[in-house]
Amino acid sequence: MPFALLPSTSGPGGLIARHIRHGLAVLCLAAASPVLAQEGAAPKVSIAAAYTQEITDEAIFIGRGEAIDKVDIVARVNGFLEEQLIGNGASVREGDLLFRIEPDLYEATLEARKADLDRAEANLELAKVELARKEELLTRDAVPVSERDIAQANELVAAAQVKSAHAAIQQAELDLSYTQITAPFPGRLGRVTTSEGDVVGPSNPPLVTLVREAPIYVSFSLNEKQFISILEQLDQTAASLTESDQSPTVRLELPNGTALDETGEIVFVDNRIDPLTGAIAIRAQFENASRLIVDGAFVHVRIQALEPTQRVLVPQAALQRDQRGDFVLVVNDKQMVEQRYITTGDSIESAIIVLDGLREGESVIVEGLQRVRPGVAVDAVVASEQPGE
């Protein structure tokens with residue numbers, strides 16, 4: 001079979017062949033050298049140091065606005081509603097006249113009770129005169145003792161009738177005063193449910209509801225675990241939470257997500273855990289100068305600790321998560337990458353609190369995370385913006 005002749009390595013032809021093979025090898029190595037250099041170089045990453053900052057711890061709960069004073073205004077006497085002096089949703093002051101019920105019947109009743117008093121007083125005078133006459137006749141043995149006793153009893157009955165007449169007048173005056181319905185405290189009215197000319201009375205529905213808007217309570221509940229945790233974090237007892245100099249700061253987040261400018265204070269802590277819900281009732285009071293807390297509205301309650309504490313923080317860009325939990329990639333002093341699982345707390349702007357697993361000053365990777373893995377060496381560069389500075 002045919003075969004190819006290879007050039008001999010000896011002689012001029014062989015020398016040329018060796019030079020050709022050597023040149024090809026050099027070209028191949030030159031072409032492969034960038035790849036080898038690239039594979040051997042440590043990847044570049046940006047790092048930021050974990051730092052500490054004074055943080056005021058807080059807990060968040062769901063609360064509800066609750067008016068300090070809220071009353072359904074009901075007519076205390078029966079009659080025609082003669083005049084309605086307020087409108088729906090009006091703001092009123094204490095003592096403002098709201099409704100007037102027709103007073104004629106009650107004025108007449110008062111006059112009748114005064115007449116009854118006059119008659120009772122006249123009967124008392126007559127009984128006194130009769131008693132005095134019987135006592136005089138008894139001294140002369142002109143009448144038996146029994147008649148004197150009867151006269152004394154008649155005087156006592158007459159005196160009791162006078163007292164009864166006075167009480168009837170007081171009742172008539174009260175009934176007459178109830179025909180003018182006034183605001184028991186300052187606040188804002190709801191929708192008026194009646195009209196002038198309606199027959200109103202104690203058995204009828206309320207005329208209107210009056211709510212005091214400021215100050216206002218915000219009530220919320222804590223389960224047993226949360227309550228004990230709050231007491232431990234604040235180093236307080238249930239009783240001391242309501243003391244002005246020991247009460248923690250209470251802040252609100254309104255239903256639209258905005259924070260209320262003013263702060264409140266805890267004014268009531270219940271003395272027992274509700275066995276049905278496993279929670280304890282707490283109430284905070286706010287001045288509500290802006291009237292943004294509405295009776296019945298749901299809000300987020302934030303309770304802050306009395307003193308700030310030092311917390312470790314890292315940029316949120318460093319935080320990763322897998323099935324085991326949250327972790328960061330730490331660059332140690334040998335420029336090697338370590339995977340560190342951490343326990344996180346609340347977010348503070350672009351950083352996150354690290355409760356456990358990381359110390360101040362340790363470097364975490366914030367850029368280039370996709371190019372590295374635990375156990376490899378990296379070329380770490382400090383990030384241009386360092387948090388906490």
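The values are calculated or read from the model by the stated rules, or taken from the named source; none is laboratory data. It should be emphasised that the depicted structure is a prediction, and the values quoted were computed from it without experimental measurement. Cβ: placed from backbone, ideal geometry, glycine included. Neighbour counts: every protein chain shown. Accessible surface areas use protein heavy atoms only, side chains included; no ligands, DNA or RNA. Shrake-Rupley method; radii C 1.70, N 1.55, O 1.52, S 1.80 Å.
Data overview
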{"quantity": "Selection count, the stretch 187-199, where residues are assigned to a loop (DSSP other than H, G, I, E, B), more than 18 Å from ARG100 (Cβ to Cβ) and open to solvent by less than 50 Å² (accessible area, probe 1.4 Å)", "calculated": "1"}
{"quantity": "Of residues in the stretch 93-135 being among the β-branched types (Val, Ile, Thr) and touching a residue at least 60 places away in the same chain (Cβ under 8 Å), the one most open to solvent (accessible area, probe 1.4 Å)", "calculated": "THR109"}
{"quantity": "Top-ranked residue in the stretch 68-89 [being in a loop (DSSP other than H, G, I, E, B) and out of contact with any Asp or Glu (no Cβ under 9 Å at 6 or more places or on another chain); ranked as surrounded by the most Cβ atoms within 10 Å (Cβ to Cβ)]", "calculated": "ALA75"}
{"quantity": "When residues of the stretch 232-287 are limited to those that are part of a loop (DSSP other than H, G, I, E, B) and under 16 Å from ILE62 (Cβ atoms), the one most open to solvent (accessible area, probe 1.4 Å)", "calculated": "ASN256"}
{"quantity": "Residues that are surrounded by 12 or more Cβ atoms within 10 Å (Cβ to Cβ) and under 12 Å from ALA318 (Cα atoms), drawn from the stretch 363-382", "calculated": "SER363, VAL364, ILE365, VAL366, GLU367, GLY368, LEU369"}
{"quantity": "Residue in the stretch 206-219 that is touching a Lys or Arg at 6+ places or on another chain (Cβ under 9 Å), charged (D, E, K, R), surrounded by 16 or more Cβ atoms within 10 Å (Cβ to Cβ) and not in a helix (DSSP H, G or I) present", "calculated": "yes"}
{"quantity": "Subset tally (residues that are within 17 Å of ILE68 (Cα to Cα), touching a residue at least 60 places away in the same chain (Cβ under 8 Å) and among the charged types (D, E, K, R)) for the stretch 243-285", "calculated": "1"}
{"quantity": "Candidate set from the stretch 43-67 (those that are open to solvent by 40 Å² or more (accessible area, probe 1.4 Å) and modelled with pLDDT of 95 or more); member that is nearest to the chain's Cα centre (by Cα)", "calculated": "ARG64"}
{"quantity": "Residues that are open to solvent by 40 Å² or more (accessible area, probe 1.4 Å), assigned to a loop (DSSP other than H, G, I, E, B) and touching a Pro at 6+ places or on another chain (Cβ under 9 Å), drawn from the stretch 295-309", "calculated": "LEU306"}
{"quantity": "Count - residues of the stretch 321-345 that are of a type in the set (Lys, Arg) and either on the phi > 0 side of the Ramachandran plot or open to solvent by less than 70 Å² (accessible area, probe 1.4 Å) (or both)", "calculated": "1"}
{"quantity": "Filter result for the condition that a residue is without any contact (Cβ under 8 Å) to a residue 24 or more places away in the chain and under 28 Å from GLN285 (Cα atoms), over SER203, SER240, SER221", "calculated": "SER240"}
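Residue-by-condition table, conditions (1) open to solvent by 40 Å² or more (accessible area, probe 1.4 Å); (2) without any contact (Cβ under 8 Å) to a residue 40 or more places away in the chain; (3) assigned to a helix (DSSP H, G or I):
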| position | (1), (2), (3) |
| --- | --- |
| VAL143 | no, yes, no |
| ARG148 | yes, yes, yes |
| ALA151 | no, yes, yes |
| GLU155 | yes, yes, yes |
| SER164 | yes, no, yes |
| GLN170 | yes, yes, yes |
| ILE181 | no, no, no |
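This table checks each residue for (1) more than 18 Å from the chain's Cα centre (by Cα); (2) at pLDDT below 95; (3) within 30 Å of GLU307 (Cα to Cα).
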| residue | (1), (2), (3) |
| --- | --- |
| ALA165 | yes, no, no |
| ILE169 | yes, no, no |
| GLU173 | yes, no, no |
| TYR178 | yes, no, no |
| THR182 | yes, no, no |
| PHE185 | yes, no, no |
| GLY197 | yes, yes, no |
| VAL208 | yes, no, no |
| ASN223 | no, yes, yes |
